[in-house]
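Only one structure is covered here, and it is reproduced in the block below.
Laboratory data are not the source of any read-out in this text; all were calculated from the coordinates shown. None of these values were measured; they are calculated from a predicted model. A quick note on method: Cβ atoms are made from the backbone with ideal geometry, for glycine too, and the neighbour counts reach across all protein chains shown.
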Amino acid sequence: DGGITQSPKYLFRKEGQNVTLSCEQNLNHDAMYWYRQDPGQGLRLIYYSQIVNDFQKGDIAEGYSVSREKKESFPLTVTSAQKNPTAFYLCASSIVGGKTNYGYTFGSGTRLTVV
Amino acid sequence: GNSVTQMEGPVTLSEEAFLTINCTYTATGYPSLFWYVQYPGEGLQLLLKATKADDKGSNKGFEATYRKETTSFHLEKGSVQVSDSAVYFCALLTSNTGKLIFGQGTTLQVKP
C-alpha cells in the first residue's frame, strides 16, 4: 500500500546537536511538507517542496533545513540554531497542479525531545 | 488571506451524545474543505472532504456540508463513542496557493 513513512518515531537530541528526521513517500506525489506541532496547538508549516531540487520556507523555517534530491524523500534537519526543538513533527505529501480534491496525506510523526 | 476558524475546545461529551464542531473559513476563489482527525500520538488522517458548495462529506458516521453562503463546514455526528476522542482539524485548500490551511484544532473527549 502507498503511504508516507516517517522515522524514527521517537528521537532524542542533546543540546548543540543537529538531527535529521526522515520522510519517504511512495504515492508519486509531487509536493512534500514539514509541519511542527506543539502540545495543545495546531500545525505550523516549516518547509515545503513542490518539485525535486526546489523548496520554500514556511512560517517557522529558522533553525531548520531541508533537501529534496529525490521525489520520494524530503528529510528535515533540526539544527543547533533551533532553540526550542522539542515538538511533534509531521510530514505530508500532495498532488500539485491545481488538483485540490485530494488534500494531503500525512505520516505518523516523529516526536523529538531535547535531553 | 485564506484562514480557518474552529470552535475552541476541549469539547467534552458523554457517549451517544450529539456532536457539532463549528468551522468557518475565509478564502478567495473556490476552496476544497477537509476535516482531519488526529488520535493521540499519531499523524493526521483524512476524515471527510467536500470540493464544492452544497457537497456533503461523510465517513464513519461523521458528516459536514459545504455552505458557501455562510462560509462554514461544521462537523457533526449523531452519536459519539469513546473511540472518537481525538483532535479534529478543519482545513481548506485552494488551487491558487496549493497550500492546506488549518484551523487550530478542537479536542474532543468522550466519556463513557
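Computed values, structure above
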| quantity | calculated |
| --- | --- |
| Translational D in µm²/s for the stretch B:9-112 (Stokes-Einstein at 4 °C, 1.567 mPa s, Kirkwood Rh from C-alpha pairs) | 93 µm²/s |
| Choice from A:G63, A:G103, A:G42 showing the highest fluctuation, given a GNM over chain A with Cα pairs closer than 10 Å | A:G42 |
| Volume per residue of the C-alpha convex hull in the protein assembly as shown, rounded to whole Å³ | 123 Å³ |
| Listed pairs A:K9/A:K71; A:K83/B:K56; A:K9/B:K56 exceeding 32 Å between Cα atoms | A:K83/B:K56; A:K9/B:K56 |
| Dipole moment magnitude, nearest 20 debye, chain B about Cα centre, only Lys, Arg, Asp, Glu C-beta charged | 300 debye |
| Relative contact order of chain A, defined on C-alpha pairs under 8 angstrom at six or more residues apart (%) | 35 percent |
| Most fluctuating residue given options B:E42, B:E15, B:E76, as computed from a GNM of chain B linking Cα atoms under 10 Å | B:E42 |
| Square roots of five times the Cα gyration tensor eigenvalues for chain A, Å | 23, 14, 13 |
| Share, in percent, of DSSP beta bridges within chain A that are antiparallel, nearest 5 | 90 percent |
| Rounded to 5, the percent of DSSP beta bridges in the protein assembly as shown classed as antiparallel | 90 percent |
| Dipole magnitude of chain A about its Cα centre (Cβ charges: Lys, Arg +1; Asp, Glu -1), debye to nearest 20 | 220 debye |
| Three semi-axes of the equivalent ellipsoid, the stretch A:26-66, Cα gyration tensor, whole Å, largest first | 21, 13, 7 |
